[in-house]
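Working notes, structure below.
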Amino acid sequence: MKSSKSVLIIEDEKQVRESIVDILQLKGYSTLEASDGTIGFELAKKHIPDVVLCDIMMPFMNGFETISKFKSNSLTKYIRFIFLTAKTESENRKLGLDLGAAAYITKPFSVEDLIASIEGSSSREVSS
């Protein structure tokens with residue numbers, strides 16, 4: 001499956017971020033990387049990716065703060081935003097979806113669930 005979609009991965013753990021980048025590039029996606037929400041937001045304004053994959057627990061600006069910033073900016077508010085996180089609590093899922101996330105995927109995740117969420121063909125909550 002080849003895709004022309006661009007995906008911004010905002011993840012503070014380098015090894016996790018690089019693994020996601022490798023998976024997505026093998027599937028034909030173009031990728032951008034950011035180690036925190038502040039960097040990710042600046043990259044998104046400059047490059048306008050099709051999809052953002054974002055962790056929640058990060059330094060400087062957590063995922064909830066990041067999505068709020070994306071949704072309040074005219075350049076980034078329509079970008080498909082997906083949380084990819086270890087936070088499995090239902091209140092975190094609800095908050096993420098209420099803030100405008102298209103999907104909430106918990107780690108560990110399957111490649112199939114990740115791709116389905118990026119392509120918009122999955123339910124809003126994905127647990128692996």
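The values are calculated or read from the model by the stated rules, or taken from the named source; none is laboratory data. Bear in mind the structure is a predicted one, so any value in this text is a computation, not a measurement. Note: ideal-geometry Cβ built from the backbone for every residue, glycine included; neighbour counts use all protein chains shown.
For every residue, the table says whether it meets (1) surrounded by 13 or more Cβ atoms within 10 Å (Cβ to Cβ); (2) over 20 Å from Glu18 (Cβ atoms).
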| residue | (1), (2) |
| --- | --- |
| Lys46 | no, yes |
| Pro49 | yes, no |
| Asn62 | yes, yes |
| Thr66 | yes, no |
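Count of the stretch 24-44 residues, restricted to those that are surrounded by fewer than 16 Cβ atoms within 10 Å (Cβ to Cβ) and under 19 Å from Phe109 (Cβ atoms), is 3. Within the stretch 1-15, the set of residues being at pLDDT below 95 and of a type in the set (Gly, Ala, Ser) comprises Ser3, Ser4. Restricting attention to the stretch 68-95, the residues being hydroxyl-bearing (Ser, Thr, Tyr), within 27 Å of Ser4 (Cα to Cα) and surrounded by fewer than 19 Cβ atoms within 10 Å (Cβ to Cβ) number 4. Note on the stretch 96-107: residues that are surrounded by 13 or more Cβ atoms within 10 Å (Cβ to Cβ) and in a helix (DSSP H, G or I) total 2.
Restricting attention to the stretch 1-58 and to residues that are farther than 17 Å from Ala101 by Cβ, part of a loop (DSSP other than H, G, I, E, B) and of a type in the set (Asp, Glu), the residue that is farthest from the chain's Cα centre (by Cα) turns out to be Glu13. Beta carbons closer than 9 Å, at least 6 apart along the sequence or on distinct chains, pair a first residue in the stretch 109-128 that is farther than 21 Å from Ser4 by Cβ with a second that is modelled with pLDDT of 90 or more and of a type in the set (Phe, Trp, Tyr) for Arg124/Tyr104; Glu125/Tyr104; Val126/Tyr104; Val126/Phe109; Ser127/Tyr104; Ser127/Phe109; Ser128/Phe109.
Matching residues to (1) out of contact with any Asp or Glu (no Cβ under 6 Å at 6 or more places or on another chain); (2) closer than 16 Å to Asp12 by Cβ:
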residue: Leu53; (1), (2): yes, yes
residue: Met58; (1), (2): no, yes
residue: Asn62; (1), (2): yes, yes
residue: Ile82; (1), (2): yes, no
residue: Ser90; (1), (2): yes, no
residue: Gly100; (1), (2): yes, no
residue: Thr106; (1), (2): yes, no
